[in-house]
Amino acid sequence: MHLRKRIMVTGGAGFLGSHLCEKLLNRGDDVLCVDNFFTGTKDNILHLMKNPHFEVMRHDVTFPLYVEVDEIYNLACPASPIHYQHDPVQTTKTAVHGAINMLGLAKRVGAKILQASTSEVYGDPEVHPQPESYRGNVNPIGPRACYDEGKRCAETLFFDYHRQSNLRIRVARIFNTYGPRMHPNDGRVVSNFIVQALKGEPITLYGDGTQTRSFCYVDDLIEGLVRLMDAKDSVTGPVNLGNPGEFTIRELAETVVRLVGRKGKKPAFKKKPLPADDPLQRCPDIRLAKKVLEWAPKVRLEEGLKKTIPYFRDIVARG
Ligand SMILES: NC(=O)c1ccc[n+]([C@@H]2O[C@H](COP(=O)([O-])OP(=O)(O)OC[C@H]3O[C@@H](n4cnc5c(N)ncnc54)[C@H](O)[C@@H]3O)[C@@H](O)[C@H]2O)c1
């Protein structure tokens, strides 16, 4: 029998957070979604509002919060460069002050706490694929630093709270994830390509399109997060969660164009220079997750794109 837990999800109205809230409710937990709606929307959680075990609180995690909960998933943070570079100081505050506030809360109420960290802690990696032991190659003063260094500092805080106060922590390093409820205009490659293909516009390729990325479907990622939270306390992480299948950006563009179906037309590409500090390759080493969580992604890229395209088709149709 599953005992109902009180679980707080910060950033619960965002892309990943809304899927996580849904999964926890479906399994029978009480879920408190905390969000300041910076990049998240009520639309993402509208379908959960009728559930009496779901509660929403508008709150900015850079300010302290006092609630009784058993577990905290700390996802609050803008995740795409367009959003996190909009107000870089606020991004660092969200990552760092947000972590301090949520860790302080976890300590007070004895809750278990999971941090949504990121592959960006590896920066522009010199090691492929990246294992958790790789310490990264991050530019501390570049335009991505507010996010990368903010997330690195949050990891530091998690481990210091663990060592200093015996807090039960989990740190997941999330790699590129996609699926329904992604932002249509956040400049991320999957959403960009799908929206451009649906509108029949040329696909923007940064650089020559030979840089590679790995793409994890949202259902796989959420399963990994929940398994990590439910793992025994000695499994603190950091644990990489992502899909190790590597594709060039050009391959992704061609697959999207084929699935969206621009019949008879050749994919037209519009080239732009690579943005500063954009990594050329990034791919997770997921041996640790396989070992300690018995987790591996199941959804192939093409299958995941087929589940994602209808969501964007609706948005584009609505204008
Ligand atoms: N999606 C990915 O590929 C990916 C990859 C690596 C890490 N992550 C991490 O996962 C988490 C969720 O990412 P996502 O893709 O769902 O992004 P998202 O932007 O959809 O979700 C982030 C949520 O946090 C909320 N938020 C932002 N600042 C806040 C604040 N100060 N107080 C309260 N809420 C705040 C936003 O409104 C939004 O609902 C983030 O921490 C991100 O860094 C995501």
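The values are calculated or read from the model by the stated rules, or taken from the named source; none is laboratory data. What you are looking at is a predicted structure, and each value in this text was computed from that prediction instead of being measured. Reconstructed Cβ throughout: ideal geometry from the backbone, glycine too, with neighbour counts over all protein chains shown. Just so you know, the surface numbers come from the protein's heavy atoms only, side chains and all, with ligands and any DNA or RNA stripped out. Shrake-Rupley method; radii C 1.70, N 1.55, O 1.52, S 1.80 Å.
Residue by residue through the stretch 121-167, note down the ones that are open to solvent by 30 Å² or more (accessible area, probe 1.4 Å), aromatic (F, W, Y) and under 26 Å from G104 (Cα atoms).
Residues satisfying the conditions are F159, Y161.
Could you list, ordered by first residue, the pairs with Cβ atoms under 6 Å in which the first is in the stretch 120-147 and under 18 Å from F215 (Cα atoms) and the second is within 14 Å of the ligand (Cβ to nearest atom) and open to solvent by 30 Å² or more (accessible area, probe 1.4 Å), at least 6 apart or interchain?
Once the first residue is under 18 Å from F215 (Cα atoms) and sits in the stretch 120-147, its partners that are within 14 Å of the ligand (Cβ to nearest atom) and open to solvent by 30 Å² or more (accessible area, probe 1.4 Å) give V121/R152.
Which of the residues that make up the stretch 280-308 are surrounded by fewer than 18 Cβ atoms within 10 Å (Cβ to Cβ) and touching a helix residue (DSSP H, G or I) at 6+ places or on another chain (Cβ under 9 Å)?
Those that are surrounded by fewer than 18 Cβ atoms within 10 Å (Cβ to Cβ) and touching a helix residue (DSSP H, G or I) at 6+ places or on another chain (Cβ under 9 Å): V292, E294, A296, K298, E302, K306, K307.
List the strands (runs of 3 or more DSSP E) that sit entirely inside the stretch 39-118 and contain at least 3 residues that are hydrophobic (A, V, I, L, M, F, W, C).
54-58, 112-118
Restricting the stretch 17-37 to residues that are surrounded by fewer than 24 Cβ atoms within 10 Å (Cβ to Cβ), under 19 Å from Y178 (Cα atoms) and touching a residue at least 40 places away in the same chain (Cβ under 8 Å), which is farthest from the ligand (Cβ to nearest atom)?
K23
For a quick check of your reading: which strands (runs of 3 or more DSSP E) sit entirely within the stretch 167-243 and have at least 3 residues that are farther than 28 Å from A317 by Cα and in contact with a helix residue (DSSP H, G or I) (Cβ under 8 Å, 6 or more places away or on another chain)?
Output list reads 169-174, 239-241.
Within the stretch 173-190, track down each residue that is over 21 Å from I45 (Cβ atoms) and either in contact with a strand residue (DSSP E or B) (Cβ under 9 Å, 6 or more places away or on another chain) or within 9 Å of the ligand (Cβ to nearest atom) (or both).
Residues satisfying the conditions are R173, F175, N176, V189, V190.
Any idea how many residues of the stretch 1-16 are away from the ligand (no atom under 15 Å from the Cβ), open to solvent by 10 Å² or more (accessible area, probe 1.4 Å) and modelled with pLDDT of 95 or more?
Residues that pass the stated criteria total 2.
All but one of (1) surrounded by fewer than 17 Cβ atoms within 10 Å (Cβ to Cβ); (2) more than 19 Å from the chain's Cα centre (by Cα); (3) farther than 23 Å from D220 by Cβ hold for L65, so report the exception by its number.
(1)
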